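Undergrad: Pasting a structure here, questions to come.
The values are calculated or read from the model by the stated rules, or taken from the named source; none is laboratory data. Just so we're clear, the structure is a prediction, and the values are computed from it rather than from any experiment. For neighbour counting, all protein chains shown are included, and Cβ atoms are generated from backbone atoms with ideal geometry for every residue, glycine included. Surface accessibility is based on the protein's heavy atoms, side chains included, excluding ligands, DNA and RNA. Shrake-Rupley method; radii C 1.70, N 1.55, O 1.52, S 1.80 Å.
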Amino acid sequence: MASMIPHNDKTLTLDSRVTFHDNNSMPRFGLGTWRSEPGKVQNIVREAILNHGYRLFDGAWIYQNEHEVGNGIHEALEQSQGAVKREDLFITTKLWNQHHEPQDVEWAVRDSLKKLRLDYIDLYLIHWPVAFKNIPDNVWSQKDGEKTRLYAENVTLADTWKAMEKLVDAQLVRSIGVSNFNQSQIDEILQIARIRPVVNQIELHPYFNQAEMREYCAKNDIVVTSYSPLSNLKRENEREEDASALYNPVIQEIAKEKHKTPAQIIIRWHLQHGLVVIPKTVTPERLAENAHIYDFALSDTDMRRINQLGETHRRRFVNPPFLPPGDKPVFDN
Ligand SMILES: NC(=O)c1ccc[n+]([C@@H]2O[C@H](COP(=O)([O-])OP(=O)(O)OC[C@H]3O[C@@H](n4cnc5c(N)ncnc54)[C@H](OP(=O)(O)O)[C@@H]3O)[C@@H](O)[C@H]2O)c1
(Lines give C-alpha, C1' and ligand atoms only; values in the text may rest on other atoms or scores of the structure.)
Protein backbone atom coordinates (compact mmCIF):
# COMPACT_ATOMS: atom_id res chain seq x y z
CA MET A 1 0.00 0.00 0.00
CA ALA A 2 1.40 3.42 -0.94
CA SER A 3 1.72 5.18 2.39
CA MET A 4 2.77 8.58 3.65
CA ILE A 5 6.29 8.57 5.04
CA PRO A 6 6.60 10.50 8.30
CA HIS A 7 9.08 13.36 8.05
CA ASN A 8 11.46 11.88 10.58
CA ASP A 9 11.67 8.50 8.87
CA LYS A 10 15.38 7.79 8.92
CA THR A 11 14.88 4.74 6.70
CA LEU A 12 14.25 6.85 3.60
CA THR A 13 17.28 6.32 1.33
CA LEU A 14 18.21 6.34 -2.33
CA ASP A 15 17.31 2.62 -2.34
CA SER A 16 13.80 3.13 -0.91
CA ARG A 17 11.08 1.47 -2.97
CA VAL A 18 7.31 1.42 -3.01
CA THR A 19 5.53 -1.93 -3.40
CA PHE A 20 2.56 -2.18 -5.77
CA HIS A 21 -0.56 -4.27 -5.22
CA ASP A 22 0.80 -6.68 -7.89
CA ASN A 23 3.82 -7.25 -5.59
CA ASN A 24 6.31 -5.61 -7.94
CA SER A 25 8.08 -2.58 -6.50
CA MET A 26 9.63 0.59 -7.86
CA PRO A 27 12.27 3.02 -6.59
CA ARG A 28 10.84 6.18 -5.06
CA PHE A 29 13.34 8.41 -6.87
CA GLY A 30 14.54 8.45 -10.46
CA LEU A 31 15.43 10.41 -13.57
CA GLY A 32 13.00 11.93 -16.07
CA THR A 33 13.95 12.08 -19.76
CA TRP A 34 11.38 14.37 -21.44
CA ARG A 35 13.24 16.91 -23.60
CA SER A 36 16.56 15.29 -22.67
CA GLU A 37 18.39 16.00 -25.86
CA PRO A 38 20.02 13.32 -27.98
CA GLY A 39 23.75 13.81 -27.52
CA LYS A 40 23.28 14.38 -23.79
CA VAL A 41 20.82 11.84 -22.47
CA GLN A 42 22.97 8.76 -23.14
CA ASN A 43 25.82 10.11 -21.00
CA ILE A 44 23.56 11.36 -18.26
CA VAL A 45 21.78 7.99 -17.94
CA ARG A 46 25.13 6.16 -17.80
CA GLU A 47 26.50 8.58 -15.18
CA ALA A 48 23.29 8.39 -13.18
CA ILE A 49 23.62 4.61 -12.89
CA LEU A 50 27.36 4.34 -12.44
CA ASN A 51 28.10 7.30 -10.18
CA HIS A 52 24.92 8.49 -8.46
CA GLY A 53 22.86 5.41 -7.63
CA TYR A 54 19.87 6.19 -9.89
CA ARG A 55 17.89 3.03 -10.66
CA LEU A 56 14.57 4.39 -12.01
CA PHE A 57 14.36 5.94 -15.49
CA ASP A 58 11.19 7.48 -16.85
CA GLY A 59 10.78 7.65 -20.61
CA ALA A 60 8.17 7.58 -23.35
CA TRP A 61 7.90 6.53 -26.98
CA ILE A 62 7.00 10.12 -27.90
CA TYR A 63 10.17 11.59 -26.32
CA GLN A 64 12.02 10.15 -29.32
CA ASN A 65 15.15 9.46 -27.30
CA GLU A 66 14.56 5.89 -26.13
CA HIS A 67 17.44 4.57 -28.23
CA GLU A 68 19.85 6.90 -26.41
CA VAL A 69 18.38 6.05 -23.03
CA GLY A 70 18.89 2.40 -23.99
CA ASN A 71 22.50 3.06 -24.99
CA GLY A 72 23.15 4.77 -21.66
CA ILE A 73 21.65 1.83 -19.77
CA HIS A 74 23.70 -0.73 -21.68
CA GLU A 75 26.95 1.22 -21.35
CA ALA A 76 26.39 1.41 -17.60
CA LEU A 77 25.58 -2.30 -17.29
CA GLU A 78 28.72 -3.17 -19.23
CA GLN A 79 31.01 -0.72 -17.45
CA SER A 80 29.77 -1.72 -14.01
CA GLN A 81 31.23 -5.19 -14.71
CA GLY A 82 28.34 -6.99 -13.11
CA ALA A 83 27.91 -4.63 -10.13
CA VAL A 84 24.65 -3.33 -11.65
CA LYS A 85 22.33 -5.79 -13.36
CA ARG A 86 19.25 -5.29 -15.52
CA GLU A 87 17.02 -6.44 -12.66
CA ASP A 88 18.43 -3.68 -10.41
CA LEU A 89 17.01 -1.10 -12.80
CA PHE A 90 13.41 0.01 -13.18
CA ILE A 91 12.43 1.28 -16.62
CA THR A 92 9.16 3.07 -17.25
CA THR A 93 7.95 3.99 -20.71
CA LYS A 94 4.61 5.05 -22.17
CA LEU A 95 2.13 4.16 -24.90
CA TRP A 96 1.59 7.14 -27.18
CA ASN A 97 -1.92 8.38 -28.13
CA GLN A 98 -1.48 7.16 -31.70
CA HIS A 99 -1.16 3.56 -30.53
CA HIS A 100 -4.34 3.15 -28.47
CA GLU A 101 -6.10 0.87 -30.91
CA PRO A 102 -5.78 -2.63 -29.41
CA GLN A 103 -3.98 -4.07 -32.45
CA ASP A 104 -1.27 -1.35 -32.15
CA VAL A 105 -0.48 -1.67 -28.45
CA GLU A 106 1.85 -4.66 -28.72
CA TRP A 107 3.60 -3.09 -31.71
CA ALA A 108 4.22 0.06 -29.67
CA VAL A 109 5.76 -1.71 -26.68
CA ARG A 110 7.89 -3.87 -28.97
CA ASP A 111 9.12 -0.71 -30.70
CA SER A 112 10.09 0.81 -27.33
CA LEU A 113 11.77 -2.46 -26.29
CA LYS A 114 13.74 -2.50 -29.54
CA LYS A 115 14.93 1.07 -29.07
CA LEU A 116 15.78 0.52 -25.41
CA ARG A 117 17.36 -2.86 -26.27
CA LEU A 118 15.51 -4.55 -23.42
CA ASP A 119 13.41 -7.68 -23.26
CA TYR A 120 10.92 -6.35 -20.75
CA ILE A 121 9.65 -2.99 -19.45
CA ASP A 122 9.13 -2.67 -15.69
CA LEU A 123 6.20 -0.27 -15.95
CA TYR A 124 4.20 0.61 -19.06
CA LEU A 125 1.78 3.53 -18.84
CA ILE A 126 -1.00 4.82 -21.08
CA HIS A 127 0.51 8.28 -21.59
CA TRP A 128 -2.75 10.24 -22.03
CA PRO A 129 -6.44 9.29 -21.89
CA VAL A 130 -6.76 10.34 -25.53
CA ALA A 131 -6.80 8.06 -28.59
CA PHE A 132 -5.51 9.32 -31.94
CA LYS A 133 -5.94 7.41 -35.17
CA ASN A 134 -2.79 5.58 -36.16
CA ILE A 135 -2.15 7.31 -39.47
CA PRO A 136 1.17 8.73 -40.65
CA ASP A 137 2.23 12.01 -39.03
CA ASN A 138 -0.70 11.98 -36.65
CA VAL A 139 1.65 12.35 -33.73
CA TRP A 140 0.03 15.44 -32.26
CA SER A 141 -3.33 15.36 -34.03
CA GLN A 142 -2.69 18.97 -34.88
CA LYS A 143 -1.54 20.08 -38.29
CA ASP A 144 -0.32 23.48 -39.40
CA GLY A 145 -1.97 25.00 -36.38
CA GLU A 146 -5.32 23.71 -37.63
CA LYS A 147 -7.35 21.52 -35.37
CA THR A 148 -7.95 18.29 -37.20
CA ARG A 149 -10.46 15.57 -36.55
CA LEU A 150 -8.09 12.67 -36.32
CA TYR A 151 -9.17 11.04 -33.09
CA ALA A 152 -9.92 7.32 -32.92
CA GLU A 153 -13.43 7.96 -31.71
CA ASN A 154 -14.43 4.31 -31.37
CA VAL A 155 -11.53 3.28 -29.16
CA THR A 156 -12.38 3.35 -25.47
CA LEU A 157 -9.93 3.45 -22.59
CA ALA A 158 -11.21 -0.01 -21.63
CA ASP A 159 -10.27 -1.37 -25.10
CA THR A 160 -6.75 -0.05 -24.72
CA TRP A 161 -6.47 -1.30 -21.14
CA LYS A 162 -7.39 -4.86 -22.14
CA ALA A 163 -4.57 -4.74 -24.71
CA MET A 164 -2.21 -3.48 -21.97
CA GLU A 165 -3.13 -6.48 -19.79
CA LYS A 166 -2.11 -8.81 -22.60
CA LEU A 167 1.39 -7.31 -22.49
CA VAL A 168 1.71 -8.51 -18.89
CA ASP A 169 0.48 -11.98 -19.93
CA ALA A 170 3.10 -12.00 -22.71
CA GLN A 171 5.78 -10.96 -20.17
CA LEU A 172 6.73 -7.93 -22.25
CA VAL A 173 5.95 -5.67 -19.29
CA ARG A 174 5.90 -6.35 -15.55
CA SER A 175 3.35 -3.77 -14.39
CA ILE A 176 0.87 -1.47 -16.10
CA GLY A 177 -0.53 1.91 -15.20
CA VAL A 178 -1.84 5.22 -16.48
CA SER A 179 -0.80 8.84 -16.77
CA ASN A 180 -2.78 12.08 -16.87
CA PHE A 181 -5.97 10.19 -15.98
CA ASN A 182 -8.72 11.77 -13.89
CA GLN A 183 -10.82 9.88 -11.37
CA SER A 184 -13.66 8.94 -13.71
CA GLN A 185 -11.18 7.68 -16.32
CA ILE A 186 -9.51 5.48 -13.70
CA ASP A 187 -12.94 4.28 -12.55
CA GLU A 188 -13.67 3.27 -16.14
CA ILE A 189 -10.54 1.09 -16.10
CA LEU A 190 -11.20 -0.32 -12.63
CA GLN A 191 -14.65 -1.51 -13.72
CA ILE A 192 -13.25 -3.83 -16.38
CA ALA A 193 -9.70 -4.49 -15.15
CA ARG A 194 -8.40 -8.00 -14.71
CA ILE A 195 -5.06 -6.40 -13.80
CA ARG A 196 -5.56 -3.11 -11.96
CA PRO A 197 -3.35 -0.07 -12.69
CA VAL A 198 -0.46 0.28 -10.24
CA VAL A 199 0.47 3.91 -10.98
CA ASN A 200 -1.05 7.20 -12.10
CA GLN A 201 1.71 9.56 -13.25
CA ILE A 202 0.52 13.17 -13.05
CA GLU A 203 1.76 16.73 -12.92
CA LEU A 204 2.46 17.36 -9.26
CA HIS A 205 4.60 20.00 -7.53
CA PRO A 206 4.25 22.63 -4.80
CA TYR A 207 2.13 24.81 -7.10
CA PHE A 208 -0.16 21.91 -8.07
CA ASN A 209 -0.23 19.42 -5.26
CA GLN A 210 -3.17 17.27 -6.41
CA ALA A 211 -4.47 16.61 -2.89
CA GLU A 212 -7.74 15.07 -4.15
CA MET A 213 -6.08 12.78 -6.66
CA ARG A 214 -3.55 11.65 -4.05
CA GLU A 215 -6.39 10.72 -1.72
CA TYR A 216 -8.31 8.91 -4.47
CA CYS A 217 -5.19 6.95 -5.50
CA ALA A 218 -4.34 6.01 -1.89
CA LYS A 219 -7.88 4.61 -1.50
CA ASN A 220 -7.50 2.57 -4.68
CA ASP A 221 -3.98 1.37 -3.91
CA ILE A 222 -2.50 3.27 -6.85
CA VAL A 223 0.96 4.81 -6.48
CA VAL A 224 1.26 8.43 -7.60
CA THR A 225 4.33 9.50 -9.56
CA SER A 226 4.98 13.26 -9.66
CA TYR A 227 5.92 14.59 -13.07
CA SER A 228 7.34 18.06 -13.65
CA PRO A 229 8.14 17.83 -9.92
CA LEU A 230 10.26 20.99 -9.89
CA SER A 231 7.57 22.98 -11.77
CA ASN A 232 10.46 24.28 -13.80
CA LEU A 233 8.34 25.25 -16.77
CA LYS A 234 6.99 28.57 -17.98
CA ARG A 235 4.57 29.97 -20.49
CA GLU A 236 5.74 31.92 -23.52
CA ASN A 237 6.86 35.46 -22.57
CA GLU A 238 7.07 34.50 -18.92
CA ARG A 239 10.25 34.76 -16.89
CA GLU A 240 11.44 31.53 -15.24
CA GLU A 241 11.72 33.43 -11.94
CA ASP A 242 8.02 34.28 -12.09
CA ALA A 243 6.88 30.78 -13.00
CA SER A 244 8.84 28.14 -11.15
CA ALA A 245 8.47 27.20 -7.48
CA LEU A 246 12.28 26.95 -7.40
CA TYR A 247 12.25 30.76 -7.03
CA ASN A 248 9.45 30.93 -4.47
CA PRO A 249 10.53 32.83 -1.31
CA VAL A 250 9.14 30.10 1.00
CA ILE A 251 11.16 27.41 -0.79
CA GLN A 252 14.22 29.66 -0.87
CA GLU A 253 13.93 30.42 2.85
CA ILE A 254 13.63 26.75 3.82
CA ALA A 255 16.57 25.94 1.52
CA LYS A 256 18.72 28.55 3.24
CA GLU A 257 17.81 27.28 6.71
CA LYS A 258 18.62 23.68 5.76
CA HIS A 259 21.76 24.52 3.71
CA LYS A 260 20.16 22.80 0.73
CA THR A 261 19.15 24.00 -2.74
CA PRO A 262 15.52 24.81 -3.67
CA ALA A 263 15.42 21.73 -5.93
CA GLN A 264 16.51 19.50 -3.04
CA ILE A 265 13.81 20.96 -0.79
CA ILE A 266 11.12 20.32 -3.41
CA ILE A 267 12.30 16.75 -4.16
CA ARG A 268 12.34 15.96 -0.44
CA TRP A 269 8.79 17.36 -0.11
CA HIS A 270 7.61 14.85 -2.74
CA LEU A 271 9.31 11.94 -0.97
CA GLN A 272 7.87 12.90 2.41
CA HIS A 273 4.42 12.84 0.82
CA GLY A 274 5.06 9.21 -0.15
CA LEU A 275 5.23 10.08 -3.85
CA VAL A 276 7.54 8.70 -6.50
CA VAL A 277 9.55 11.59 -7.98
CA ILE A 278 11.41 11.77 -11.30
CA PRO A 279 13.18 15.13 -11.77
CA LYS A 280 14.76 15.51 -15.19
CA THR A 281 18.19 16.95 -15.82
CA VAL A 282 20.91 16.65 -18.42
CA THR A 283 23.32 18.71 -16.29
CA PRO A 284 25.92 16.59 -14.44
CA GLU A 285 26.03 18.84 -11.33
CA ARG A 286 22.25 18.76 -11.00
CA LEU A 287 22.23 14.99 -11.42
CA ALA A 288 24.29 14.78 -8.22
CA GLU A 289 22.42 17.60 -6.47
CA ASN A 290 18.97 16.09 -7.06
CA ALA A 291 20.01 12.74 -5.57
CA HIS A 292 21.49 14.25 -2.37
CA ILE A 293 18.29 14.52 -0.42
CA TYR A 294 18.69 11.89 2.27
CA ASP A 295 20.76 13.74 4.89
CA PHE A 296 18.02 16.07 6.08
CA ALA A 297 14.26 16.13 6.68
CA LEU A 298 11.53 18.72 6.38
CA SER A 299 9.58 19.40 9.57
CA ASP A 300 5.77 19.28 9.72
CA THR A 301 5.81 23.08 9.60
CA ASP A 302 8.03 23.09 6.49
CA MET A 303 5.71 20.57 4.84
CA ARG A 304 2.64 22.66 5.70
CA ARG A 305 4.20 25.87 4.39
CA ILE A 306 5.02 24.16 1.08
CA ASN A 307 1.58 22.55 0.92
CA GLN A 308 0.01 26.01 1.25
CA LEU A 309 1.71 27.15 -1.96
CA GLY A 310 -0.74 24.87 -3.73
CA GLU A 311 -3.48 27.26 -2.67
CA THR A 312 -1.70 30.59 -3.03
CA HIS A 313 0.11 29.81 -6.30
CA ARG A 314 -2.02 27.04 -7.80
CA ARG A 315 -1.26 26.39 -11.47
CA ARG A 316 -0.94 23.60 -13.97
CA PHE A 317 1.85 23.87 -16.55
CA VAL A 318 1.36 20.85 -18.82
CA ASN A 319 -1.94 21.10 -20.70
CA PRO A 320 -1.66 20.03 -24.34
CA PRO A 321 -4.29 21.21 -26.81
CA PHE A 322 -5.89 17.81 -27.36
CA LEU A 323 -9.61 18.01 -27.97
CA PRO A 324 -10.85 14.46 -27.77
CA PRO A 325 -14.35 13.59 -28.97
CA GLY A 326 -16.91 15.72 -27.19
CA ASP A 327 -14.64 18.76 -27.60
CA LYS A 328 -13.86 18.80 -23.91
CA PRO A 329 -10.25 19.75 -23.15
CA VAL A 330 -8.22 16.99 -21.58
CA PHE A 331 -8.06 18.93 -18.30
CA ASP A 332 -10.91 21.07 -17.10
CA ASN A 333 -8.95 22.59 -14.22
N1 LIG B 1 3.38 11.62 -18.15
C2 LIG B 1 3.50 12.80 -18.69
O3 LIG B 1 2.63 13.28 -19.44
C4 LIG B 1 4.71 13.62 -18.36
C5 LIG B 1 4.71 15.01 -18.61
C6 LIG B 1 5.83 15.73 -18.23
C7 LIG B 1 6.93 15.09 -17.67
N8 LIG B 1 6.93 13.73 -17.48
C9 LIG B 1 8.09 13.01 -16.90
O10 LIG B 1 8.50 13.68 -15.71
C11 LIG B 1 9.87 14.06 -15.84
C12 LIG B 1 10.16 15.31 -15.05
O13 LIG B 1 9.34 16.39 -15.47
P14 LIG B 1 9.88 17.63 -16.35
O15 LIG B 1 11.04 17.21 -17.17
O16 LIG B 1 8.70 18.20 -17.02
O17 LIG B 1 10.27 18.73 -15.28
P18 LIG B 1 11.18 18.83 -13.96
O19 LIG B 1 11.91 17.58 -13.71
O20 LIG B 1 10.32 19.38 -12.89
O21 LIG B 1 12.20 19.97 -14.37
C22 LIG B 1 13.17 19.78 -15.36
C23 LIG B 1 13.83 21.13 -15.60
O24 LIG B 1 14.45 21.59 -14.41
C25 LIG B 1 15.85 21.75 -14.61
N26 LIG B 1 16.50 21.25 -13.39
C27 LIG B 1 16.73 19.96 -13.03
N28 LIG B 1 17.35 19.90 -11.84
C29 LIG B 1 17.52 21.18 -11.42
C30 LIG B 1 18.11 21.77 -10.28
N31 LIG B 1 18.66 21.03 -9.33
N32 LIG B 1 18.09 23.13 -10.18
C33 LIG B 1 17.54 23.88 -11.14
N34 LIG B 1 16.97 23.40 -12.26
C35 LIG B 1 16.96 22.05 -12.40
C36 LIG B 1 16.19 20.95 -15.85
O37 LIG B 1 17.24 21.56 -16.57
P38 LIG B 1 18.51 20.77 -17.19
O39 LIG B 1 18.05 19.48 -17.76
O40 LIG B 1 18.99 21.72 -18.24
O41 LIG B 1 19.49 20.61 -16.08
C42 LIG B 1 14.90 21.07 -16.66
O43 LIG B 1 14.85 22.31 -17.34
C44 LIG B 1 10.02 14.22 -17.37
O45 LIG B 1 11.35 14.32 -17.77
C46 LIG B 1 9.29 13.01 -17.85
O47 LIG B 1 10.08 11.85 -17.70
C48 LIG B 1 5.82 13.00 -17.80
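Undergrad: With charges set only on the Cβ (+1 for Lys and Arg, -1 for Asp and Glu), what does the dipole of region 29-121 come to about its Cα centre, in debye to the nearest 20?
TA: It comes to approximately 160 debye.
Undergrad: Here's something else I'd like to know. Of all the accessible heavy-atom surface of region 17-312, with the other protein chains kept in place and a 1.4 Å probe, what percent is carbon and sulfur?
TA: 45
Undergrad: Would you kindly state how much longer the chain becomes between Gln183 and Arg235 on full extension, computed as 0.36 nm times their sequence separation minus their alpha carbon distance, in nm to one decimal?
TA: 16.0 nm
Undergrad: By accessible area of protein heavy atoms, probe 1.4 Å, what ranking do Lys166, Lys40 get, highest first?
TA: Ranked list, largest accessible area first: Lys166, Lys40.
Undergrad: Something else now. Taking every pair of distinct Cα atoms and averaging 1/r, then inverting, what Kirkwood hydrodynamic radius in Å comes out for the chain?
TA: 20.4
Undergrad: Something else about it: What is the extension gain from Asp169 to Ser299, computed as 0.36 nm multiplied by their sequence separation minus the C-alpha to C-alpha distance, in nm to one decimal?
TA: 42.4 nm
Undergrad: Given springs between every Cα pair under 10 Å in a Gaussian network model of the chain, which of Ile135, Ile222, Ile195 has the largest fluctuation?
TA: So, out of Ile135, Ile222, Ile195, the one fluctuating most is Ile135.
Undergrad: Skip the ligands, DNA and RNA, and give the accessible area per residue of region 17-312 with a 1.4 Å probe, whole Å².
TA: That works out to 43 Å² per residue.
Undergrad: Between Met26, Met213, Met164, where does the largest GNM mean-square fluctuation fall for the chain, given springs only between Cα atoms within less than 10 Å?
TA: Most flexible of the set in this elastic network: Met213.
Undergrad: Let me ask something else about it. At most 15 other Cβ atoms within 10 Å and a DSSP loop assignment: could you name the GluC sites (Glu not before Pro) in region 231-272 that fit?
TA: Glu236, Glu238
Undergrad: Could I ask something else about it? Work out the FRET efficiency for Lys219 and Gln64 from their Cβ-Cβ distance, taking R0 = 51 Å, and round it to the nearest 0.05.
TA: 0.90
Undergrad: Using the Cα centre as the reference, give the magnitude of the dipole from point charges on the C-beta atoms of the chain (Lys, Arg: +1; Asp, Glu: -1; all else neutral), rounded to the nearest 20 debye.
TA: Roughly 260 debye, rounded to the nearest 20.
Undergrad: Along the charge dipole of the chain, pointing to its positive end and built from +1/-1 on Cβ of Lys, Arg, Asp and Glu, which listed residue (Ser184, Pro329, Thr301) has its Cα farthest out?
TA: Result: Thr301.
Undergrad: While we're here: Describe numerically, in nm with one decimal, the distance between label points set 7 Å from Cα along Cα→Cβ at Glu37 and at His259.
TA: Result: 3.5 nm between the two label points.
Undergrad: Cross-link partners among aspartates and glutamates for Lys162, C-alpha distance below 13 Å, same-chain residues fewer than 8 apart left out?
TA: Glu101, Asp104, Glu106, Glu188
Undergrad: Now for a different question. Once the dipole of the chain is set up with Lys and Arg at +1 and Asp and Glu at -1 on Cβ about the Cα centre, which of Thr283, Thr261, His99 lies farthest towards its positive end?
TA: Towards the positive end, the residue furthest out is Thr261.
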